[in-house]
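What follows is a set of notes on a single structure, which appears directly below.
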Amino acid sequence: MAVTASGFIGKSAISVRLDFYCKPAKFAYSKRPFSASKPLVVARSVALSPPARTVESPPVGYRKNVGICLVSPCRKIFTASKIHVPDTWQMPQGGADEGEDLRNAAFRELREETGVTSAEFIAEIPNWLTYDFPRDVKDKLNRKWRTSYKGQAQKWFLFKFTGKEEEINLLGDGTAKPEFKVWSWMLPEQVIEHAVYFKRPVYEHVINQFNPYFVDEEEKDSMNSCKD
């Protein structure tokens, strides 16, 4: 692996990138329509943990949350490491306000946490995915939020990054406290491998559900020009 600086560190921007070198996966973007009633055919499946729990609506006691899978033209996924939790990597996510449109909430969280505004909506997973907080995490977060949540119920969205890397700023848009200290473009299996253990079932489900969108003959030439 190697650390590179994208942008500069100062009051106006933080964008430190960490490159993980790995044999590229067959992972490409597609404009295939999404059907909630028709099961998806998964081109690549990663199974490390018990299946994620899916529900039609957030259960009582779970915080309503949105997750963002941001994929680059080079078929990799944006992942970042938390400031106060060493070696913990995740995709952007955050709470949705009461009555807030969930897709708008996903765009807002992406902007607040990464500074990214150049993103195209591709798809969403129709059901909610839930995970429980481990006891120590639950106690810490509930003290911070002054709540009594058991875990989070997440609605996941797939976006394609359409901007330049200089746009990525881990200070976000300045409206929220920074969440991350370093970021990377990762292959799907790397995203799962580097995720905290209690989020892995959700990550496996998200990547397997979105995987059919990552194959497109029209974009093979552009992706072949990407550095692996």
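The values are calculated or read from the model by the stated rules, or taken from the named source; none is laboratory data. Note that this is a predicted model, so its numbers are computed, not measured. We place every Cβ from the backbone using ideal geometry, glycine too, and count neighbours over all the protein chains shown. Quick note on the areas: whole protein, heavy atoms, side chains included, nothing else; ligands and nucleic acids left out. Shrake-Rupley method; radii C 1.70, N 1.55, O 1.52, S 1.80 Å.
Couple of notes before you dig in:
- Pairwise label distance in nanometres, Leu102 with Glu165, each label 7 Å out on the Cα-Cβ vector: 3.3
- Here's the picture: charge each Lys and Arg Cβ at +1 and each Asp and Glu Cβ at -1 in the stretch 53-213, and of Leu110, Trp185, Val85 the one pushed furthest to the positive end of that dipole is Val85.
- Across the stretch 134-146, computed HN-Hα scalar couplings (Karplus, 6.51 cos²θ - 1.76 cosθ + 1.60, θ = phi - 60°) run x, 3, 5, 5, 4, 5, 5, 5, 5, 5, 5, 8, 6 Hz from first to last residue, x flagging Gly and Pro.
- Accessible surface of the stretch 53-213 [probe 1.4 Å, protein heavy atoms]: carbon and sulfur percent: 47
- Under 12 Å, Cβ to Cβ, from Gly172 - net charge with Lys/Arg +1 and Asp/Glu -1: -3
- Electrostatic tally near Tyr149: other residues with Cβ closer than 9 Å to its Cβ, Lys and Arg +1, Asp and Glu -1, net +3.
- For the residue pairs Lys64/Lys181; Lys140/Lys164; Lys82/Lys140; Lys138/Lys164; Lys76/Lys150, the C-alpha atoms sit more than 27 angstrom apart in Lys140/Lys164; Lys138/Lys164; Lys76/Lys150.
- Amide H partners (placed H, <5 Å) of Ala123, local residues excluded: Leu158
- For the stretch 53-213, the solvent-accessible area with a 1.4 angstrom probe is 43 square angstrom per residue.
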